[in-house]
Amino acid sequence: MSTIVGILMLVIGLVIGGGAGFYVRTVQKKTEEVKAEEEKKRIIRDSESKAKEMLFEARSEAFKVQEEAKKDEREKRVKLQAVEERLVKKEETLDQKMESAERLKEELESKVTSVKELKAEVQAIYEQQKGQLEKVAGLTKDDARNLLLKKVEEESKGELVAYVKKLESAVKAEAEDKARNIIADAIQKYAAETAVESTATIVALPTDEMKGRIIGREGRNINTFEQVTGVDVIVDDTPGSIVISGFDLVRRYIAKVALERLVEDGRIHPARIEEMVKRVKEEVNVLIKELGERAAVETGVIGLPLNLIKILGRLKFRVSYGQNVLKHSMEVSFLAAHMATELGADANICRKAGLLHDIGKAVDHEIQGKHAVIGRDILKKFGIAEDVIHCVEAHEGDIDAESVEAKIVQAANLISISRPGANKENLDNFVKRLDEVENMVNSFIGVKKSYAIQAGREVRVFVDPDKVDDLQAIKLSHEIAKKIENDLKYPGQIKVDVIRERREEAYAE
């Protein structure tokens, strides 16, 4: 019984405890919910308060921005109004100027018309007065002018002759001294030997029996040799040698070297000849390149294209008037550079143009035309400077020299080809040139006789003293010199010496 009661009491206790716990938990939950609700309301109130503050600040900021925008707008409106006012004023000023210009134009047109009318009146009066003067004087305007000039010339003839001679003497003396010093200095510094090239080459033979082997059976060896080299082989009675003849120095050089090697080798037959000539040609191509490079280095010309250097090297095997063209080109380069330095011109242009001035002669036997024009085209192809090209094109006088450097290259070229021993002309051409000079001088009115002397370097002109006076003699000397310059080609210079001599005779009995 007591056990049951105990159990019941335990159960009741548990029930009461559970109910009490539930109640307590319910009360705690309600309390927490109340607190959470209050916290929520507080957060909401804080948020609303912050939102109101932010909204107030935003409105304040917006109001400030709006005020600033209105202020900027007012300033811009004021500026725009000022600009409009200035434009209106400028437009008014422009209208005023246009009106003034129109009035001025009308006034000018009126004045121009008046001036034209006045000019016509003056011209009419001038013509009337001129006609009256010509009628009174019995002379036209041209006759009066010629009469006056003739009278002045007659009265002042002596003074003019003396003054002209004095000026000419002073200028010539100064120019000749300066030119002589520059040229002499340039030549003295170069001082190269002069050697005249021939058109034949002699090949020495160990024995005369070798001539038969060179000729071969029925001449097949010599015919093959001449065919592949392009030269003539002359076998005569001269002991121990044969002659190779030809105007192309490259071919002669190839033939000489090939023949010497064939003689040394001893095996001479058509196949061996062709093989040896081919080998020597390859060696000569290398030699030509080396010769061009050596010439460029010795003259101080740098930066030339390789193919242009090869063309330059071919000038070693080119002869002009008996002078080796490569050596002549190097000489002109040196002389031109030195004279350019003395005269204050561009020495680099003169040095390069002097070396390349005869570059056209390397191929003038292959291309028709003057070598100066051919050289110009070659240099243009390789992109050489226009200043250098102009010097090359003008060095023979085919076109006018427009630069100081071109004139210096002309002078250097003449110095090189005209100095003693450097130029080899045949007698017929020499006599022909003298005849041309004398015939040209004799064609002038008043010339009685002329003589070309000093190997064509001087022309003595004897004039008729009754037809030519002293002043006309001076004029005639300049006219003859100009004619010779324009119509004749010659190295160096020709002195024109006009001689006027009058003899009077009387007899005493």
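Here are a few things to note about the model shown:
- Where residue 457 falls short, out of the listed (1) in the same structural domain as residue 345 (by TED's automatic domain parsing); (2) at pLDDT below 80; (3) not small (Gly, Ala, Ser): (1)
- Within the stretch 266-303, being touching an Asp or Glu at 6+ places or on another chain (Cβ under 9 Å) and either within 19 Å of residue 362 (Cβ to Cβ) or of a type in the set (A, V, I, L, M, F, W, C) (or both) holds for one residue alone: 276.
- Selection count where residues are crowded, with 19+ Cβ neighbours inside 10 Å and not in a helix (DSSP H, G or I), scope the stretch 234-279: 4
- In the set (1) touching a residue at least 60 places away in the same chain (Cβ under 8 Å); (2) among the polar types (S, T, N, Q); (3) more than 24 Å from residue 383 (Cα to Cα), residue 341 fails one condition alone, (1).
- Looking only at the stretch 379-399, and only at residues there that are of a type in the set (A, V, I, L, M, F, W, C) and either more than 10 Å from the chain's Cα centre (by Cα) or outside the structural domain of residue 310 (by TED's automatic domain parsing) (or both), the one that is farthest from residue 336 (Cα to Cα): 382
The values are calculated or read from the model by the stated rules, or taken from the named source; none is laboratory data. These numbers were taken from a predicted model, which means no experiment stands behind them. Methodologically, a virtual Cβ is constructed for each residue, glycine included, from the backbone with ideal geometry; neighbour enumeration extends over all protein chains shown.
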